[in-house]
Amino acid sequence: MPIDATLPYDDQNVFAKILRGEIPSKKVYEDDWAFAFHDINPQAPVHILVIPKGAWVSWDDFSERASAEEIAGFVRAVGQVARDNGLVVPGFRLLANIGPHGHQEVPHLHVHLFGGRPLGAMLAR
Ligand code: 5GP
């Protein structure tokens with residue numbers, strides 16, 4: 001079910017549990033600001049999720065309230081994960097879903113990285 005991205009942060013969400021090591025994940029990257037792992041239900045040959053370590057519901061509260069250092073650290077981590085996984089050439093897609101119309105299901109900010117095949121047009125019509 002899509003979530004309301006304006007709700008307060010829920011520390012029982014599945015990605016909070018992954019960050020705390022309470023449930024397993026296939027980790028691909030970690031630094032002070034970010035953690036990346038394979039999506040459990042991949043939509044492309046490569047489907048990686050990158051999440052900030054801070055308690056942010058969505059791009060909305062992260063972009064409004066996170067520190068400049070935290071934002072820079074997260075954005076750089078996303079770029080590093082793409083490079084580490086050979087996505088820059090021939091290209092890939094970054095996606096962040098926000099709220100009900102964005103069909104965000106997990107209320108912890110995450111960026112999807114899709115790659116490994118031509119991905120077609122931006123949105124289904
Ligand atoms: P959203 O629709 O919120 O942007 O995407 C949530 C993503 O999280 C989905 O692609 C879903 O497959 C993935 N996901 C949900 N639960 C888990 C989990 O427990 N582990 C992993 N690795 N991915 C998950």
(Q) If I go through the stretch 23-41 residue by residue, how many of them are surrounded by fewer than 16 Cβ atoms within 10 Å (Cβ to Cβ) and of a type in the set (A, V, I, L, M, F, W, C)? (A) 2
Q) From the list A5, A44, which residue is in a loop (DSSP other than H, G, I, E, B), modelled with pLDDT of 95 or more and open to solvent by less than 50 Å² (accessible area, probe 1.4 Å)? A) A44
Q | All positions within the stretch 50-60 that are in contact (Cβ under 8 Å) with a residue 24 or more places away in the chain and either part of a helix (DSSP H, G or I) or open to solvent by less than 30 Å² (accessible area, probe 1.4 Å) (or both) | A | V50, I51, P52, V57, S58, W59, D60
Q: Could you list all residues from the stretch 30-52 that are over 12 Å from the mean Cα position of the chain (by Cα) and not small (G, A, S)?
A: E30, D31, D32, W33, I40, N41, P42, Q43, P45, V46
Q. Among the residues of the stretch 79-125 satisfying the criterion of being part of a helix (DSSP H, G or I) and within 16 Å of the ligand (Cβ to nearest atom), which is surrounded by the fewest Cβ atoms within 10 Å (Cβ to Cβ)?
A. H101
Q.
On the basis of being assigned to a loop (DSSP other than H, G, I, E, B), touching a residue at least 40 places away in the same chain (Cβ under 8 Å), within 16 Å of the ligand (Cβ to nearest atom) and open to solvent by 30 Å² or more (accessible area, probe 1.4 Å), does D11 make the cut?
A. yes
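The values are calculated or read from the model by the stated rules, or taken from the named source; none is laboratory data. Note that the structure is a prediction, hence the values are computed from the model and not measured. We place every Cβ from the backbone using ideal geometry, glycine too, and count neighbours over all the protein chains shown. Protein only, heavy atoms only, side chains kept; ligands, DNA and RNA dropped before computing areas. Shrake-Rupley method; radii C 1.70, N 1.55, O 1.52, S 1.80 Å.
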